[in-house]
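Asks: My questions will all concern the structure given below.
The values are calculated or read from the model by the stated rules, or taken from the named source; none is laboratory data. For clarity, every value in this text was computed on a predicted model and none was experimentally measured. Don't worry about glycine lacking a Cβ; one is built from the backbone with ideal geometry, like all the others, and counts go over all protein chains shown.
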Amino acid sequence: MRFLLDENVSYRVCAHLKAAGHDAVHVGEIGLTSTDDLVILERARHEDRVLISADHDFVQILSRPGSPALGCLGARGGRPAIG
């Protein structure tokens with residue numbers, strides 16, 4: 001699978017995903033630290049990646065009518081949960 005990890009998710013999670021054979025990229029690796037949520041969502045959609053974030057704003061954005069079709073995992077309490 002292809003993942004994009006938001007800045008509020010540890011780089012260690014990215015390293016574990018890569019070790020498991022996934023194509024995982026952290027926003028810090030591609031110069032998107034402190035970037036607007038909509039830009040991050042568009043990048044994930046454009047690259048066909050599942051977004052992993054602990055930011056609840058993404059859930060609100062994705063629940064709006066007309067929002068992009070995108071997989072999103074919400075990380076909470078150090079463990080990812082499907083959101």
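Asks: Within segment 65-75, can one find any residue that is surrounded by fewer than 18 Cβ atoms within 10 Å (Cβ to Cβ), among the hydrophobic types (A, V, I, L, M, F, W, C) and at pLDDT 85 or above?
Replies: Within segment 65-75, not a single residue is surrounded by fewer than 18 Cβ atoms within 10 Å (Cβ to Cβ), among the hydrophobic types (A, V, I, L, M, F, W, C) and at pLDDT 85 or above.
Asks: Report whether or not A81 is modelled with pLDDT under 85 and not in a loop (DSSP other than H, G, I, E, B).
Replies: Yes: the conditions hold for A81.
Asks: Go through segment 1-47 and give me each residue that's under 21 Å from D57 (Cβ atoms), in a helix (DSSP H, G or I) and small (G, A, S).
Replies: Matches in segment 1-47: G28, A44.
Asks: When the residues of segment 7-38 are narrowed to those that are of a type in the set (D, E) and touching a Phe, Trp or Tyr at 6+ places or on another chain (Cβ under 8 Å), which ends up surrounded by the fewest Cβ atoms within 10 Å (Cβ to Cβ)?
Replies: Among them, the one singled out is D23.
Asks: Name every residue in segment 23-58 that is in contact (Cβ under 8 Å) with a residue 24 or more places away in the chain and at positive phi, in order of residue number.
Replies: Passing the criteria: S34, D48.
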